[in-house]
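Report on one structure; see the data block that follows.
The values are calculated or read from the model by the stated rules, or taken from the named source; none is laboratory data. Worth saying up front: this structure is predicted, and the values here are computed from it rather than measured. All Cβ positions, glycine included, derive from the backbone under ideal geometry; neighbour counts span all protein chains shown.
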There are 2 protein chains.
Amino acid sequence: MLIYLAGPELFLADAARIADAKRAICAAHGCTGVFPTDQPPRLPDPGAPEWYRLYLANEAHIRGCDALIANLTPFRGPSADPGTVYELGFMRALGRPVHGFMNTAARFGSRTLAALGRQARRRADGAWEDAEGMAVEDFVLHDNLMIEGGIRAAGGSFETAAVPAAARWTDLTAFGRCVAKLALASRSGAAAARPGTS
Amino acid sequence: MLIYLAGPELFLADAARIADAKRAICAAHGCTGVFPTDQPPRLPDPGAPEWYRLYLANEAHIRGCDALIANLTPFRGPSADPGTVYELGFMRALGRPVHGFMNTAARFGSRTLAALGRQARRRADGAWEDAEGMAVEDFVLHDNLMIEGGIRAAGGSFETAAVPAAARWTDLTAFGRCVAKLALASRSGAAAARPGTS
């Protein structure tokens with residue numbers, strides 16, 4: 001099973017190290033991890049600008065994978081990295097399994113209020129809004145409901161781990177739980193598809 | 001043509017007013033706008049939690065539409081609303097036209113550096129990174145490259161308008177340009193599909 005490893009770790013200076021660590025966990029479960037910066041199956045048009053070649057490579061990676069695990073740890077604000085969220089929606093629309101993990105236990109509503117600080121204010125009905133009058137979504141979820149809804153609709157799991165701040169981008173405990181669940185579901189599915197061989 | 005009106009305006013207290021304004025622009029171009037809070041084509045499982053019913057309704061809306069226009073105006077940080085970005089990736093994977101607009105002229109790299117403030121620092125190679133060592137993506141695009149790449153790959157356009165801060169969530173100039181381009185492409189496609197009737 002090929003698993004696309006969506007997440008903003010590619011912005012780390014030592015991205016190759018975290019890519020190797022994630023691939024090793026996948027391999028231990030009989031799966032192959034595909035990191036966004038891996039060579040894509042087919043090289044995009046060399047005449048296109050660099051950023052668009054990167055886009056096309058990632059899209060080709062996602063299309064070529066059987067499942068996706070997204071690192072949804074809050075990135076420069078209350079929500080996940082938008083590139084990762086785009087990829088999550090993309091894979092969900094392809095109808096394949098998507099899982100997510102987040103290296104914090106704090107929920108979306110409380111993270112948003114913390115980020116807004118004194119800009120947050122109450123509406124007449126008691127709901128919170130920001131200084132521009134936009135409501136603060138709070139269903140006690142991990143992020144915007146589209147993110148958690150897509151994972152649920154795809155039959156995936158959302159794993160969280162409360163880790164020290166210094167380990168936010170390197171702790172792979174919650175990621176490992178996603179891989180284990182994907183591998184288990186894959187084996188169960190394969191067994192169910194071949195009832196005569198079990 | 002049914003156009004899904006993705007965007008965080010649904011968080012406004014007067015969301016119905018902006019929904020009506022967007023629908024009127026669509027109608028003027030012979031299209032029908034579908035707002036996320038509209039009644040979905042098929043009501044989701046009433047036994048599911050509210051947030052998940054909202055998710056399923058939005059997913060059904062997107063699947064039922066012919067195209068999507070995303071309001072990608074920066075939302076509580078340098079990037080677009082994550083729910084909107086999820087929906088953009090979803091529609092792109094369905095292979096249908098996606099367009100985006102943004103009510104600011106500032107680019108993603110400079111918005112990110114402004115948000116980071118004094119936390120931004122230089123790597124040895126001159127690239128900017130944040131306090132956690134994550135690089136600041138800067139291809140002089142409007143947001144993360146996955147967002148702009150998806151729109152380009154789908155043949156869509158990315159429209160921007162520099163508007164006063166107070167009109168960030170209500171100015172529909174750039175949105176209107178997206179609708180006009182979609183309607184024009186739709187008419188051209190329809191004419192091309194029926195060469196004998198033109």
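Summary of computed values
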quantity: The one condition in (1) surrounded by fewer than 17 Cβ atoms within 10 Å (Cβ to Cβ); (2) over 17 Å from B:Cys178 (Cβ atoms); (3) assigned by TED's automatic domain parsing to the domain that holds B:Leu88 that B:Ala162 fails to fulfil; calculated: (2)
quantity: From A:Ala13, A:Ala21, residue being surrounded by 12 or more Cβ atoms within 10 Å (Cβ to Cβ) and free of Cβ contacts under 8 Å to residues at least 40 places away in the same chain; calculated: A:Ala13
quantity: Residue within the range A:136-143 that is charged (D, E, K, R) and surrounded by fewer than 18 Cβ atoms within 10 Å (Cβ to Cβ) present; calculated: yes
quantity: Subset of the range A:68-104 (residues that are basic (Lys, Arg), closer than 15 Å to A:Gly155 by Cβ and at the interface with another protein chain (Cβ under 7 Å from one of its Cβ atoms)); calculated: A:Arg92
quantity: First in the range B:113-139 and more than 8 Å from every other protein chain (Cβ to nearest Cβ) and without any contact (Cβ under 8 Å) to a residue 40 or more places away in the chain, second anywhere and surrounded by fewer than 15 Cβ atoms within 10 Å (Cβ to Cβ) and of a type in the set (A, V, I, L, M, F, W, C), Cβ under 7 Å, 6 or more apart; calculated: B:Gln119/B:Ala131
quantity: Criterion (over 23 Å from A:Val98 (Cα atoms) and either at pLDDT 95 or above or in contact with a Lys or Arg (Cβ under 8 Å, 6 or more places away or on another chain) (or both)) met by exactly one of A:Arg23, A:Arg17; calculated: A:Arg17
quantity: Number of positions in the range B:140-172 that are under 23 Å from B:Asp66 (Cβ atoms), without any contact (Cβ under 8 Å) to a residue 24 or more places away in the chain and more than 10 Å from every other protein chain (Cβ to nearest Cβ); calculated: 0
quantity: Residue list for the range A:129-141, filter: in contact with a helix residue (DSSP H, G or I) (Cβ under 6 Å, 6 or more places away or on another chain) and not charged (D, E, K, R); calculated: A:Ala131, A:Met134, A:Ala135, A:Val136, A:Phe139, A:Leu141
quantity: Looking only at the range A:1-25, and only at residues there that are of a type outside the set (Phe, Trp, Tyr), in a helix (DSSP H, G or I) and within 14 Å of another protein chain (Cβ to nearest Cβ), the one that is farthest from A:Phe90 (Cα to Cα); calculated: A:Arg17
quantity: Among residues of the range B:165-183, those that are surrounded by fewer than 18 Cβ atoms within 10 Å (Cβ to Cβ), in a helix (DSSP H, G or I) and in contact with a Leu (Cβ under 9 Å, 6 or more places away or on another chain), counted; calculated: 0
quantity: Residues within the range B:28-48 that are surrounded by fewer than 15 Cβ atoms within 10 Å (Cβ to Cβ) and over 19 Å from the mean Cα position of the chain (by Cα), tallied; calculated: 10
quantity: Residues satisfying the stated conditions in the range A:26-67, i.e. within 11 Å of chain B (Cβ to nearest Cβ) and farther than 24 Å from B:Asp138 by Cβ; calculated: A:Arg63
quantity: Only one of A:Arg92, A:Arg107, A:Arg96 that is at pLDDT 95 or above and closer than 26 Å to B:Glu137 by Cα; calculated: A:Arg92
quantity: Helices (runs of 4 or more DSSP H) wholly inside the range A:31-136 that include at least 2 residues being of a type in the set (Phe, Trp, Tyr) and within 29 Å of A:Gly176 (Cα to Cα); calculated: A:82-93
